[in-house]
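Peer 1: Have a look at this one before I ask anything.
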There are 2 protein chains.
Amino acid sequence: MSDTVPSHPAPLRIALAGLGTVGAGVIRLIETNRELLARRAGREIEIVAVSARDRSKDRGVDISRYDWEDDMGAMANRDDVDVVVELVGGSDGPALTLARNAIANGKSFVTANKAMIAHHGLGLAQEAEGAGHALKFEAAVAGGIPIVKGLREGAAANAIERVYGILNGTSNYILSTMEDTGADFADVLGEAQAMGYAEADPTFDIDGIDAAHKLSILASIAFGTELDFANVSTDGVRRILAADIAQAASLGYVIRLLGMANVEEADDGTTRLFQRVHPYLVPKNHPLAHVDGPTNAVVAEGNFSGMLLFQGAGAGDGPTASAVVADIIDIARYWDSEGEIDPPFSIPVAELDKTMPAETGNRSGKAYLRFLVADRPGVLAELAAAMRDAGVSIESLIQKGAEHTGGTDGSVLVSMVTHEGEEAAVEKALDMLSGSPSLTAPPLVMHILKQ
Amino acid sequence: MSDTVPSHPAPLRIALAGLGTVGAGVIRLIETNRELLARRAGREIEIVAVSARDRSKDRGVDISRYDWEDDMGAMANRDDVDVVVELVGGSDGPALTLARNAIANGKSFVTANKAMIAHHGLGLAQEAEGAGHALKFEAAVAGGIPIVKGLREGAAANAIERVYGILNGTSNYILSTMEDTGADFADVLGEAQAMGYAEADPTFDIDGIDAAHKLSILASIAFGTELDFANVSTDGVRRILAADIAQAASLGYVIRLLGMANVEEADDGTTRLFQRVHPYLVPKNHPLAHVDGPTNAVVAEGNFSGMLLFQGAGAGDGPTASAVVADIIDIARYWDSEGEIDPPFSIPVAELDKTMPAETGNRSGKAYLRFLVADRPGVLAELAAAMRDAGVSIESLIQKGAEHTGGTDGSVLVSMVTHEGEEAAVEKALDMLSGSPSLTAPPLVMHILKQ
């Protein structure tokens with residue numbers, strides 16, 4: 001690829017598969033910032049070919065100057081393409097086929113596809129390492145925030161003690177709006193869907209799956225462990241009531257859906273990977289407590305850096321395009337140095353640690369437990385007895401009348417915050433209460449973020 | 001430098017000049033995280049030689065295993081050194097000589113020296129570009145926060161509209177402590193000195209000079225302009241009273257010393273660079289309003305990314321060492337690719353824009369004005385008349401009695417917030433009041449951060 005005139009290196013040639021909002025955003029960015037990109041990348045960045053399902057759809061950008069490919073698979077075979085950019089989505093199917101073929105044909109590959117990286121990232125990275133070309137996915141995690149680079153490079157000198165953060169903008173929008181308005185989950189979700197902050201089928205977002213995809217990618221990079229999406233303990237925000245948010249507020253907390261990961265040594269001496277996406281109670285003086293709306297924010301705690309926080313827009317065409325094109329610029333800068341491309345997960349795939357998932361029972365912390373119970377004598381005593389018998393020590397307890405439960409069945413809401421203790425004890429207490437006719441709904445457990 | 005066995009590349013060999021707290025921190029980091037660094041960098045990172053004024057001083061690290069150089073200048077000439085790391089400080093003198101000689105002798109050069117980069121960064125970068133080696137200074141800006149990388153690479157796809165932030169931990173510690181305790185500046189400064197958060201001579205920190213060094217570096221990278229430290233409009237936090245903080249709070253603001261930069265087009269069509277380090281009023285719902293203590297935080301607003309926030313420890317041996325070693329890892333990863341090192345300021349020095357400083361008069365915004373005035377009839381009318389005659393529109397005005405002025409001369413404190421308007425009008429009003437016997441101290445102007 002080296003040009004004979006070093007001061008005018010050849011353009012980096014891009015094929016773009018997928019022209020949804022992000023694809024159109026990438027085109028708009030590359031055209032709008034064309035001169036700037038060339039200055040920063042040291043060469044022109046030139047879109048050569050594009051592909052999508054519908055050629056004639058109006059996307060607000062002029063695609064007539066690029067070659068059109070009806071079959072996006074053909075992108076991988078074009079001799080005039082250096083980098084294939086995949087913005088189609090889906091963990092398998094055409095996106096994965098394109099990735100494999102592009103890498104096999106000596107292209108660099110850039111994607112915003114968190115599901116594909118979470119499921120197939122290691123295999124693709126190994127193929128890219130073998131081919132000596134780049135596989136990059138900054139846009140797959142936390143939208144426009146350069147957190148993949150922040151961990152791979154910015155914090156590279158550190159053993160990372162924890163990585164955690166707000167990884168799903170839709171859930172955060174819903175929670176912070178519930179907080180501001182006192183509205184219930186279903187109402188805010190409906191509003192978010194109307195405003196375009198939530199999909200018609202919001203499952204991936206509000207059930208924590210999207211955040212789990214991202215967390216598994218961050219964990220692999222932060223800890224040098226193999227990707228392990230299957231073992232992310234995942235829960236979402238569906239069951240959170242306005243009353244939970246009010247209770248948390250009265251105790252000095254806000255509720256945020258967090259992804260949280262760390263490595264720890266198990267009793268048998270093996271290294272274990274802890275990965276959890278759950279709603280957490282976040283102390284109001286923590287930076288994440290001030291992250292509102294569809295914003296993302298990631299904290300990495302390094303053994304020398306201390307706490308590093310990266311915050312920005314977690315989605316949207318502009319921010320996601322910003323991350324996609326940052327990857328392209330990185331490739332452009334180092335394009336001539338064949339074989340000197342960093343491993344996609346910072347460490348070569350073959351050298352990543354294989355870890356078992358951590359046992360959670362012996363994790364220590366404080367938790368918020370919320371019960372919906374029948375409004376009759378003895379129920380509180382039953383709850384308190386279960387806590388006592390399981391060894392859960394209660395720091396505070398609030399009981400609220402039926403008007404706070406969001407239901408119509410006359411249930412009473414009882415919430416409590418435990419003292420610091422093992423998670424196993426809480427689990428045991430819940431097991432003891434399981435099936436009790438006093439409970440009108442399954443209990444909700446939220447862990448409290450340790451500072 | 002290529003090793004014949006690619007899977008076991010040669011170690012990257014470091015010479016370390018300066019063994020103060022940061023130098024000792026770098027040694028501790030490299031020794032503590034040795035194995036991790038090798039995995040991430042793809043090769044061992046090995047300290048070969050060290051130099052400092054006093055060989056025998058106890059630094060809490062064992063330096064006996066490294067070669068000792070009495071003359072740190074000798075570092076630049078050692079054939080067994082790939083990277084010279086300078087942690088001596090000072091804009092000129094031995095640090096600058098070492099930098100020039102190291103680069104001239106084909107070494108990569110890493111420094112935490114913000115004063116030297118602010119004053120001599122362009123010349124050094126040009127020499128490094130010519131030599132085809134790296135000049136890196138992540139630790140020179142905002143301690144452990146990877147903001148140089150964040151701008152050079154993470155946000156590289158964007159035209160940056162503004163870059164601003166909290167760049168001096170000492171000033172931020174003082175302001176946020178005044179906020180929490182209601183104490184006066186002098187008391188908090190004394191306490192900060194006792195706790196090691198402020199130097200015995202705090203001038204560089206509290207008068208904004210340290211922040212101005214950092215801002216000039218950020219501005220050059222963000223906007224592709226030549227470094228222009230000399231034209232940073234700089235003011236510090238010395239004159240801020242507890243009463244100012246209370247007034248700001250009652251209006252919905254906190255006070256933070258911010259560095260702020262943007263480029264703009266002047267009336268004559270030329271590009272101008274605006275750079276200011278001043279105390280600002282920050283709206284309480286802005287992320288920077290929640291940055292307390294000696295923390296730093298930088299916001300970059302990109303035309304596609306939107307707001308990106310980077311936050312972390314702004315100083316300290318661990319965080320600064322984290323940034324220094326991140327630079328070393330970057331060099332290690334690309335060491336074999338001669339000539340493929342990015343320009344230090346992202347764009348080659350010869351291609352950076354030469355800009356005149358911006359005129360500030362036609363900048364539009366809201367401001368906080370505070371006067372200490374004699375407690376006698378007619379003074380308020382005099383102030384109000386000056387505002388009217390200069391065309392300054394007042395949004396709110398508060399007058400407080402003598403107990404709020406921090407002085408003993410019986411002065412009264414009058415503070416006002418203007419409506420959005422040109423800075424020139426405020427300047428004109430102050431000119432009109434200049435020399436008035438009604439004022440017992442020079443007025444204090446603080447701009448209000450626009451969201």
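What follows draws every value from the coordinates through simple rules; no lab data is involved. Quantities reported herein were computed from a predicted structural model and do not represent experimental measurements. All Cβ positions, glycine included, derive from the backbone under ideal geometry; neighbour counts span all protein chains shown.
Peer 1: Can you list the trypsin sites (Lys or Arg not before Pro) in the stretch B:1-84 that are in a DSSP coil and have 14 or fewer other beta carbons within 10 angstrom?
Peer 2: Listed in order of number, the matching sites are B:R53, B:R55, B:K57, B:R65.
Peer 1: Determine the shape class of the stretch B:148-313: with a ≥ b ≥ c the square roots of the Cα gyration tensor eigenvalues, call it rounded for a/c under 1.5, and otherwise prolate if a/b is greater than b/c, oblate otherwise.
Peer 2: Note, shape of the stretch B:148-313 comes out prolate.
Peer 1: Set Lys and Arg Cβ to +1 and Asp and Glu Cβ to -1, take the dipole of chain B about its Cα centre, and tell me which of B:P357, B:I328, B:N77 lies farthest positive.
Peer 2: B:I328
Peer 1: Note down the net charge around B:N33, summing +1 for each Lys or Arg and -1 for each Asp or Glu among other residues with Cβ under 11 Å from its Cβ.
Peer 2: Here the count lands on +2.
Peer 1: Still on this structure, I have one more. Return a whole-number percent for the relative contact order of chain A, with Cα pairs under 8 Å and 6 or more residues apart as the contact set.
Peer 2: 16 percent
Peer 1: Taking a label point 7 Å from Cα toward Cβ, how far is B:Q399 from its twins in the other copies, in nm, shortest first?
Peer 2: Counterpart label points of B:Q399 in the remaining copies fall at 5.8 nm.
Peer 1: Hey, another quick one. Put a point 7 Å out from Cα along the line to Cβ at A:Q451; what are the distances to that point in the other copies, in nm, shortest first?
Peer 2: Result for A:Q451, in nm, nearest copy first: 2.6.
Peer 1: If you don't mind, another one. Simple spin-label model, 7 Å along Cα-to-Cβ: A:E395 to A:S56 in nm?
Peer 2: Between A:E395 and A:S56, the simple spin-label model gives 6.3 nm.
Peer 1: According to the square roots a ≥ b ≥ c of the eigenvalues of the Cα gyration tensor, what is the shape class of the protein assembly as shown, taking rounded for a/c under 1.5, prolate for a/b larger than b/c otherwise, and oblate for the remainder?
Peer 2: rounded
Peer 1: So what's the back-of-envelope 222 nm ellipticity for chain A, counting only DSSP H runs of four-plus at -39500 (n - 2.57) apiece and dividing by all residues, rounded to 500?
Peer 2: -9500 deg cm²/dmol
Peer 1: Output, in nm with one decimal and in ascending order, the distances from the A:A104 label point to the matching label points of the other copies (7 Å from Cα along Cα-to-Cβ).
Peer 2: Listed shortest first, these distances are 5.6 nm.
Peer 1: For the stretch A:148-312, what is the relative contact order in percent, using Cα pairs closer than 8 Å and at least 6 residues apart in sequence?
Peer 2: Reported as a whole number, the value is 34 percent.
Peer 1: What does the C-alpha gyration tensor say about the overall shape of the stretch B:238-393? Classify as rounded when a/c is under 1.5, otherwise prolate if a/b is larger than b/c, or oblate.
Peer 2: Oblate.
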